[in-house]
1. Tell me which residues, restricted to region 92-111, are under 22 Å from ASP9 (Cα atoms) and in a strand (DSSP E or B).
2. Considering only region 102-126, how many residues are in contact with a strand residue (DSSP E or B) (Cβ under 9 Å, 6 or more places away or on another chain) and either open to solvent by 30 Å² or more (accessible area, probe 1.4 Å) or closer than 26 Å to ALA59 by Cβ (or both)?
3. For residues in region 192-204 being touching a residue at least 40 places away in the same chain (Cβ under 8 Å) and either open to solvent by 40 Å² or more (accessible area, probe 1.4 Å) or among the aromatic types (Phe, Trp, Tyr) (or both), which is nearest to LEU132 (Cα to Cα)?
4. Is one or more of the residues making up region 103-119 within 25 Å of TYR182 (Cα to Cα) and over 17 Å from the mean Cα position of the chain (by Cα)?
5. Return the residue satisfying two criteria in turn: it lies in region 127-183 and is of a type in the set (Phe, Trp, Tyr) and modelled with pLDDT under 90, and of such residues it is least open to solvent (accessible area, probe 1.4 Å).
6. Which residues, counting only those in region 99-143, are aromatic (Phe, Trp, Tyr) and under 15 Å from ALA230 (Cβ atoms)?
7. Just to verify a result, which residue in region 43-75, among those that are part of a loop (DSSP other than H, G, I, E, B) and not hydrophobic (A, V, I, L, M, F, W, C), is surrounded by the most Cβ atoms within 10 Å (Cβ to Cβ)?
8. Taking the criterion of being out of contact with any Pro (no Cβ under 7 Å at 6 or more places or on another chain), open to solvent by 50 Å² or more (accessible area, probe 1.4 Å), of a type in the set (Lys, Arg) and modelled with pLDDT of 95 or more, would at least one residue in region 11-25 satisfy it?
Amino acid sequence: MNDWINFYDFKHSVIYVNARHRDVHYRVIAEDICKLVPSAAAQVLDYGCGEAAWADLVAVTCAQLVLAEAAPNVRASLIMRYAGHPKIVVIAAEQAAAMPKASFDLIVMHSVAQYLSADELDRLLAMFRGLLKPGGLVVLGDIVPPHFAAPAAGVALLRFGAANGFFWAAMSGLMRIFVSDYLRLKKTVGLSHYTEAAFTEKLRNAGFTVQRAAHNIGHNQQRMTFLARAAGSVT
């Protein structure tokens with residue numbers, strides 16, 4: 001995980017092909033998270049939030065939004081961006097474990113599971129279960145399937161670019177990926193992939209009831225989002 005944290009801890013042009021891509025990417029994610037917030041009184045944790053450029057949009061829909069981010073430079077940028085915001089708190093990812101039990105109505109972890117080992121994910125799921133209020137919801141987005149993930153991601157990016165005015169930048173961005181540290185890390189560190197059945201079983205083994213969402217958070221609908229509640233909780 002640390003290698004991937006270091007990779008994402010700097011502004012670069014490999015993952016986000018230009019400023020327009022970065023902006024629309026985070027806006028779409030924020031809009032999708034807004035649809036999952038259960039009420040205006042909800043306490044929400046976005047774990048591994050990244051740059052969260054549109055977090056203020058989510059904050060409008062809830063009582064408090066906690067942004068937990070492991071990458072220190074990204075986190076420092078978040079602190080500056082949302083300094084003084086009455087509803088947004090920024091913390092280090094490791095601080096989440098020390099928060100009081102049953103703190104959150106909604107916990108979101110989007111596009112993080114692929115960078116975790118199976119054991120790391122199990123530990124986070126146990127932490128989320130403890131932080132969840134009775135009847136609360138854990139949402140795990142952008143779960144990567146094992147087959148044709150890279151070609152599907154490329155096609156999804158091009159379609160996203162065509163719909164949002166950065167198609168040609170997306171084309172050149174895909175070419176840059178082939179000479180980037182991303183592919184080197186993918187080969188040396190690896191990514192975690194799951195079938196729907198395997199991820200459902202992992203969540204059930206962690207003590208959750210599970211449902212695959214009809215829509216994946218974000219633009220890539222070849223990936224999966226799962227909705228998990230603590231087994232036996234009342235919704």
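The values are calculated or read from the model by the stated rules, or taken from the named source; none is laboratory data. A quick note: this is a predicted structure, and the numbers were derived from the prediction, not measured. Cβ coordinates were reconstructed from backbone atoms using ideal geometry, including for glycine residues, and neighbour counts include every protein chain displayed. Remember, those area values only see protein heavy atoms, side chains included, never the ligands or the DNA or RNA. Shrake-Rupley method; radii C 1.70, N 1.55, O 1.52, S 1.80 Å.
1. ALA92, VAL108, MET109, HIS110, listed by residue number.
2. Adding up the residues that qualify gives 14.
3. Top of the filtered list is PHE199.
4. Yes, that holds for at least one residue.
5. TYR182
6. Within region 99-143, PHE104, PHE128 meet the criteria.
7. GLY48
8. no
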